[in-house]
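Reviewing the structure listed below.
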């Protein structure tokens with residue numbers, strides 16, 4: 001009997017901590033996650049990244065086996081040449097003859113080309129829809145448009161979305177069953193507007209359907225799938241699920257407590273369904289399944305919350321009011337409240353940073369601030385917590401009142417975030433991995449254990 005080559009699927013369950021795993025098992029004792037927790041192996045991990053934690057910085061630490069102090073990846077769509085000494089694990093594997101299939105892992109743009117690449121779909125913040133094989137670009141166009149339109153708050157469904165969805169069905173890229181589930185959810189949104197808060201589940205549902213098709217058809221030896229729908233739910237509804245963290249003992253003191261706390265369970269239900277699919281697949285293939293969160297979340301008490309926030313809707317208006325030449329700047333995807341801008345040269349970087357300081361709120365505080373040092377003329381800016389916003393929607397340019405629409409902004413209202421990033425994450429194995437548990441405390445050291453699975457030596461890896 002021939003020995004099957006090793007294979008590994010990494011399900012990237014972004015930001016889910018042990019607290020949420022325990023909470024879910026309590027509510028779903030017979031779930032796939034519960035079975036995996038009891039029959040496989042589990043450990044709580046920690047990231048050694050410095051500074052404020054972000055998924056677009058910590059996931060590269062997991063993928064590259066070094067902390068952000070070494071790879072220096074700080075924001076979405078920055079130039080990644082700073083990390084060239086520490087390539088992501090899938091590049092190392094592919095060059096060593098291991099077939100790979102990457103689906104949505106953060107900071108994976110542009111598509112990596114190689115003879116052992118079975119499929120490669122970059123993350124949902126990619127600046128364009130390039131993917132491998134090319135037929136996946138149809139899905140990526142749909143995916144990127146949804147991500148762009150639903151920043152911070154869920155927007156209405158456009159005709160373009162329906163057209164693209166129809167093309168995906170016609171080309172047999174997504175299944176009829178997923179279309180039905182999507183349709184049912186949209187009807188629920190019409191019946192009860194609160195269901196818009198669960199829109200992220202639909203994107204995760206569709207994405208996994210596409211991933212599973214390519215995973216089964218092409219059978220890569222190493223594969224990743226990135227899931228973000230639970231992270232967004234935890235950010236919004238940590239207090240609804242864990243009111244005791246805020247000293248709240250009575251449910252009636254929390255608005256929509258039951259609906260919003262159930263949103264976390266429903267988001268976990270979807271992940272559990274997907275994990276169940278992968279468990280069955282790996283049982284048949286005799287392969288490994290890892291569920292990794294990279295890091296986690298915990299309760300956060302925000303003392304400076306504002307009723308309204310600003311969302312940049314028309315970037316051309318912002319450039320115009322700041323007297324900046326739109327030909328010298330290109331806005332590229334970012335996760336709200338960040339704004340990423342590619343500048344034509346260092347001169348235009350400096351001009352941008354100078355002019356954004358002209359916009360202030362009622363307390364004379366800047367509305368836009370530089371978040372990280374520019375990388376190769378790409379600037380990462382954050383929209384600040386703006387004071388004094390109301391329906392009048394007034395801000396200040398050079399101390400003169402202007403309406404926010406003149407600068408390309410619009411007002412949004414959303415649930416206050418009560419969960420935020422923490423260093424502790426989790427990993428679940430589908431088999432007994434007790435021999436590696438002690439060394440798997442640091443979330444980035446999985447890089448080396450993947451080396452062991454594929455029987456590669458440390459010489460293949462440049463890590464410190």
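The values are calculated or read from the model by the stated rules, or taken from the named source; none is laboratory data. Note that the structure is predicted; figures quoted are calculated from it, not measured. Neighbour counts are summed over all protein chains in view; Cβ atoms, including those assigned to glycine, are modelled from backbone coordinates with ideal geometry.
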Can you confirm whether residue 154 is assigned by TED's automatic domain parsing to the domain that holds residue 233, over 24 Å from residue 59 (Cα atoms) and either at pLDDT 85 or above or in contact with a helix residue (DSSP H, G or I) (Cβ under 7 Å, 6 or more places away or on another chain) (or both)?
yes
Out of all the residues in the range 412-429, is one or more surrounded by 14 or more Cβ atoms within 10 Å (Cβ to Cβ), under 25 Å from the mean Cα position of the chain (by Cα), within 21 Å of residue 315 (Cβ to Cβ) and modelled with pLDDT of 90 or more?
no
For the range 81-89, state whether one or more residues are free of Cβ contacts under 8 Å to residues at least 12 places away in the same chain, surrounded by fewer than 19 Cβ atoms within 10 Å (Cβ to Cβ) and more than 19 Å from the chain's Cα centre (by Cα).
yes
Out of everything in the range 376-400 that is surrounded by fewer than 19 Cβ atoms within 10 Å (Cβ to Cβ) and touching a helix residue (DSSP H, G or I) at 6+ places or on another chain (Cβ under 8 Å), what residue ends up being nearest to residue 344 (Cα to Cα)?
377
Outside any helix (DSSP H, G or I) and either within 21 Å of the chain's Cα centre (by Cα) or closer than 22 Å to residue 360 by Cα (or both) - does that describe any residue in the range 274-290?
yes
Counting only residues in the range 173-215 that are outside any helix (DSSP H, G or I) and touching a residue at least 24 places away in the same chain (Cβ under 8 Å), the one nearest to residue 120 (Cα to Cα) is identified as 173
For the range 122-135, give me each residue that is in contact (Cβ under 8 Å) with a residue 40 or more places away in the chain and either touching a strand residue (DSSP E or B) at 6+ places or on another chain (Cβ under 6 Å) or at positive phi (or both).
127
What number goes with the only condition from (1) buried (at least 24 other Cβ atoms within 10 Å of the Cβ); (2) part of a helix (DSSP H, G or I); (3) at pLDDT 95 or above that residue 220 does not pass?
(2)
Determine which single condition residue 288 fails, assuming it passes every other condition in (1) crowded, with 16+ Cβ neighbours inside 10 Å; (2) without any contact (Cβ under 8 Å) to a residue 24 or more places away in the chain.
(2)
When residues of the range 58-77 are filtered for being under 16 Å from the mean Cα position of the chain (by Cα) and either over 11 Å from residue 380 (Cβ atoms) or surrounded by fewer than 23 Cβ atoms within 10 Å (Cβ to Cβ) (or both), how many remain?
9
Determine whether the range 300-321 contains at least one residue that is over 30 Å from residue 243 (Cβ atoms), buried (at least 21 other Cβ atoms within 10 Å of the Cβ) and touching a helix residue (DSSP H, G or I) at 6+ places or on another chain (Cβ under 6 Å).
yes
With criteria (1) surrounded by fewer than 22 Cβ atoms within 10 Å (Cβ to Cβ); (2) in a strand (DSSP E or B), residue 265 comes up short on (2)
Filter the range 34-51 for residues that are at pLDDT 90 or above and outside any helix (DSSP H, G or I) and give the result.
44, 45, 46, 47, 48, 49, 50, 51
For the range 1-32, what are the residues that are in contact (Cβ under 8 Å) with a residue 12 or more places away in the chain and farther than 27 Å from residue 93 by Cβ?
17, 18, 19, 20, 21, 23, 24, 25, 27, 28, 31
Within the range 94-109, can one find any residue that is more than 21 Å from residue 128 (Cβ to Cβ), assigned to a helix (DSSP H, G or I) and in contact (Cβ under 8 Å) with a residue 60 or more places away in the chain?
no
Residue count, the range 6-30 (criterion: under 24 Å from the mean Cα position of the chain (by Cα) and not in a helix (DSSP H, G or I))
10
